[in-house]
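Read the structure below first, then the notes.
The values are calculated or read from the model by the stated rules, or taken from the named source; none is laboratory data. Predicted model only: the values in this text are computed from it and were never measured. Neighbour counts run over all protein chains shown; Cβ positions are idealised from the backbone, glycine included. For accessibility, only protein heavy atoms count, side chains too; no ligands or nucleic acids. Shrake-Rupley method; radii C 1.70, N 1.55, O 1.52, S 1.80 Å.
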Amino acid sequence: MNKKERQDQIRRIIQSEHISTQEEIKNCLHREGITVTQATLSRDLREIGLLKLRDEKGKLYYSLSEPVSSPFSPDIRFYMISVNRAGFILVLHTDLGEADVLANLIDNDGIDDILGTIAGADTLLVICRTEEIASQFEKDLAMTI
């Protein structure tokens, strides 16, 4: 099975079941006769661009992401707790373990005015092209919280 077929299978699993962990995905693949290493699965999930959302009970689950048109799309509000600015850098805070998800949302959009992101466990740095752009993004993001 090639990479595209495996990733298509992962998408199908995510759409058909309420999956909370990579281990659950790995087990579903195994039941279908697909063996995958943890490193390959993690890489596949990053490339697919899966989101982790919370259900009404607060439990996290994987969901297929929709293309993000801007760094302050409605999806971002699920992850951001606060936003601050230091010059041309935005500092976004999330719940523990969600900064990388937010970074993926922003990075996958390819916004020219965002040069890159650096994610920790609960803090994300967004490096903007200029202070003016960072200031505008800070205002826009603050309205989504």
*Calculate, for residue 81 and residue 24, the FRET efficiency according to 1/(1 + (r/R0)^6) with r their C-beta to C-beta distance and R0 22 Å; round to the nearest 0.05.*
0.25
_Dipole of the chain, positive end: most advanced residue of 89, 136, 120 [Cβ charges, Cα centre]_ = 120
*Which links in 4/59; 4/57; 57/139; 3/59; 4/52 stretch past 24 Å when you go from one Cα to the other?*
4/59; 4/57; 57/139; 3/59
*Pop out the carbon and sulfur fraction of the accessible area of the range 16-128 as a percent, whole number, probe 1.4 Å.*
52 percent
*Set the Förster distance to 25 Å, then compute FRET efficiency between residue 125 and residue 42 from the Cβ-Cβ distance, nearest 0.05.*
0.70
_Relative counts (whole %) of C-alpha pair distances in the chain, using bins that are 10 Å wide_ = 11, 39, 29, 16, 4, 0
*Using a Gaussian network model of the chain whose springs link C-alpha atoms within less than 10 Å, name the residue from 126, 36, 83 with the highest mean-square fluctuation.*
36
*For residue 99, what is the net charge nearby, where nearby means another residue's Cβ is under 13 Å from its Cβ and Lys, Arg count +1, Asp, Glu -1?*
-4
_So for each of 20-29, 55-64, 102-111 I average, over its residues, the number of other beta carbons within 10 Å; can you give me the resulting order with the highest mean first?_
102-111, 20-29, 55-64
*How large is the dipole of the chain about the Cα centre if only Lys and Arg carry +1 and Asp and Glu carry -1, each at its Cβ, rounded to the nearest 20 debye?*
440 debye
*Specify which residue in the list 76, 33, 20 is farthest towards the positive end of the charge dipole of the range 1-121, using unit charges on the beta carbon of Lys, Arg (+1) and Asp, Glu (-1), about the Cα centre.*
33
*Net charge over other residues, Cβ less than 11 angstrom from the Cβ of residue 124 (K, R count +1; D, E count -1)*: -4
_Surface accessible to a 1.4 Å probe, per residue, for the residues of the chain, Å²_ = 56 Å²
*Measure nothing fancy, just the Cα-based angle from helix 22-31's long axis to the longest principal axis of the chain, in degrees from 0 to 90, nearest 10.*
30 degrees
